[in-house]
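Report on the structure given below.
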Amino acid sequence: MPADSKVQVRTRSMKRYSFLALAREALRRHRGWPGAWRFPDLKPRYRVVIVGGGGHGLATAYYLAKLHGIRDVAVLEKGWLGGGNTGRNTTIVRSNYLLDDNARFYEHSLRLWEGLSRDLNYNVMFSQRGVLNLAHSDSQMDAFARRGNRMRLNGIDAELLDRRAVARYVPLLDTSGNARYPVLGGLLQGWGGVARHDAVAWGFARAADALGVDIVQGCEVVGFRIDGGCVTGVETTRGTIEVERVGLAVAGNTGRVAGFAGLTLPIESHVLQAFVTEPVKPLLHHVVTSGAIHCYVSQTDKGEVLLGGDLDGYNSYAQRGNLPAVEHVAQAAVAMYPPLSRLRVMRSWGGVMDMTMDGSPIIGKTPVENLFIDGGWCYGGFKATPGSGWVFAHTIAHGEPHELNAGFGLERFATGRTLDENGAGPTPNAH
Amino acid sequence: MLLIPCPHCGERAQVEFAYGGDATRQRPHDGAPDEAWYEYVYLRGNPRGPHREWWLHHGGCGQWIRVTRDTATHAVLGAEPAGGPPGDGAVSGIRPDGKGAEEGGRAPAGSAAAEAGGSVA
């Protein structure tokens, strides 16, 4: 797809954030800051429509404009910008995967995170404070050694810690002989970390908007116009749009929206809950996860302890879960980090996870020509925000996947080339 | 806490149950083509709204039951014992490998779906 040359897409100069700008505006009592993005009317025609105004959709639009010169783009969001899973995740960024396709893709994304604040002129608060996976048994230590070695072979940092090293790294953790969940060691990715969940959406939105992308909120897609097996139009609650190419980035609603184009997908939508406690002084300096115990924790820059666990386990679009999952996470967290027992949980929420049949994402073409899909992220889409936008923009611009997402095609289930990290098989809620 | 109306035991808390996923799929017969198996193993309707699904009452009678539950509100609309055809819920449309849905090996739609209007005591 050629870059826009004849199409006059107005870009506006983005008022750069800087110390100088801050000082200047302070003297003017901060009355000169422009809005971070516009609220444009929907045009009747665009070259590319991205369905979904979350981190992935906005990143895709940004990279389409920035790297491929395609600026006649609309991002349609049925709610408010970043209000879906981008507003509900637990902010972890890592690339500690076993399978090559996953490892290489997520590592590419992690490297994009490293330069993102400068690239977008927006502080996404990326903090590479380390992600530690705990091992509670000998066989887990063996498995972690294997995964760590695979990571190293893919150029990704990995360190296998023994119990003493874990105790030094996470003093808050109960690593004693009496622990309810004995800790034998862990696999550490030191370059992994966290980022501010909404800032990345705002950063991509502001940068994409400045390049001429229209971000239209409160605009829900209700259908597609398909002629001869090719998508030619998008029907929305604010009118019909003629389009050349369409990219879906709608997370938990992937199955539903793809259904408007007659597609049935290997996806089940599930609820994942997360919680934050009241803010306290810094006591947890890294991200610590336990796959076996289904509990992961970190501490936000505001001081809140951020907790998450396993899926509730049943299909859901409700964006909230039930108390058994809450009890499970609370019990695990208090058993592993006893000092947390006094903290009050301030907020809880849920997201809609598009769980695939192998636990890995789906990025690429669909049987409908010019309709592309970025979905099936299960509960791991946040870390992929810049990476998925980057490969999805390439896929839409070229009509073919990039080498980094070639293995994530929808057809892999029919051909038997599934990417199953856990080896859990075609059981979405087990991934 | 979901309250699931087990047809054998009455209304019980969700912690007594294990989730078994979509209950509308029909296992293909042994000689069915690969496409039918692919659909059965991988494709799901995944509706936003009433969903017929399996739950196993491992903390009670130990039986599999079919529950209808709304996936947007979590309201449990009814439950019935396992057994009999799965009823309407046929997967249709264009599949990811581009072929149309296979009709072979699927039970007739709309049969025996005697959904209870409320909880089954």
Subset of the stretch A:393-423, residues assigned to a loop (DSSP other than H, G, I, E, B) and more than 13 Å from chain B (Cβ to nearest Cβ), comes to A:G399, A:E400, A:P401, A:H402, A:L419, A:E421, A:N422, A:G423
Just the residues that are within 14 Å of another protein chain (Cβ to nearest Cβ) and not in a loop (DSSP other than H, G, I, E, B), please, taken from the stretch A:287-327. A:D310, A:L311, A:D312, A:G313, A:Y314, A:N315, A:L323, A:P324, A:A325, A:V326, A:E327
Would you mention how many residues in the stretch A:73-101 are assigned by TED's automatic domain parsing to the domain that holds A:I396, over 22 Å from A:D301 (Cβ atoms) and surrounded by fewer than 22 Cβ atoms within 10 Å (Cβ to Cβ)? 3
The conditions are (1) of a type in the set (S, T, N, Q); (2) over 23 Å from the mean Cα position of the chain (by Cα); (3) assigned by TED's automatic domain parsing to the domain that holds A:R71, and A:T385 fails exactly one of them. Which is it? (2)
Test A:W390 against the stated conditions and say whether it is touching a helix residue (DSSP H, G or I) at 6+ places or on another chain (Cβ under 9 Å) and assigned to a helix (DSSP H, G or I). yes
Report whether or not A:L173 is part of a strand (DSSP E or B) and surrounded by 21 or more Cβ atoms within 10 Å (Cβ to Cβ). no
Within the stretch A:279-312, how many residues are hydrophobic (A, V, I, L, M, F, W, C) and over 30 Å from B:T71 (Cβ atoms)? 6
Just to be sure, is A:A330 modelled with pLDDT of 95 or more, within 14 Å of chain B (Cβ to nearest Cβ) and either closer than 24 Å to B:G45 by Cβ or surrounded by fewer than 24 Cβ atoms within 10 Å (Cβ to Cβ) (or both)? no
Please enumerate the residues belonging to the stretch A:239-252 that are modelled with pLDDT of 95 or more and either aromatic (F, W, Y) or buried (at least 24 other Cβ atoms within 10 Å of the Cβ) (or both). A:V246, A:G247, A:L248, A:A249, A:V250, A:A251
Looking at the stretch B:36-81 only, could you name the residues that are in a strand (DSSP E or B), more than 7 Å from chain A (Cβ to nearest Cβ) and farther than 13 Å from B:Q14 by Cβ? B:P50, B:R52, B:W54, B:W64, B:R66, B:T68, B:D70, B:L77, B:G78, B:E80, B:P81
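Restricting the search to the stretch A:31-51, which residues are crowded, with 20+ Cβ neighbours inside 10 Å and under 21 Å from A:F372 (Cα atoms)?
A:Y46, A:R47, A:V48, A:V49, A:I50, A:V51
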Within the stretch B:39-52, residues surrounded by fewer than 21 Cβ atoms within 10 Å (Cβ to Cβ) and not basic (K, R) come out as B:Y40, B:V41, B:G45, B:P47, B:G49, B:P50
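Report, by residue number, each residue of the stretch B:33-53 that is in contact with an Asp or Glu (Cβ under 8 Å, 6 or more places away or on another chain) and at negative phi. If you could, list the steps in order and put the result at the bottom.
Taking the stretch B:33-53 first, the residues in contact with an Asp or Glu (Cβ under 8 Å, 6 or more places away or on another chain) are B:33, B:35-36, B:38-39, B:44-46, B:49-53.
Result: B:P33, B:E35, B:A36, B:Y38, B:E39, B:R44, B:G45, B:P50, B:H51, B:R52, B:E53.
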Restricting attention to the stretch A:367-381, and to residues there that are assigned to a loop (DSSP other than H, G, I, E, B) and buried (at least 24 other Cβ atoms within 10 Å of the Cβ), which single residue is nearest to the other protein chains (Cβ to nearest Cβ)? A:G376
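The values are calculated or read from the model by the stated rules, or taken from the named source; none is laboratory data. Given the structure is predicted, the values throughout are model-derived calculations rather than measurements. Cβ: placed from backbone, ideal geometry, glycine included. Neighbour counts: every protein chain shown.
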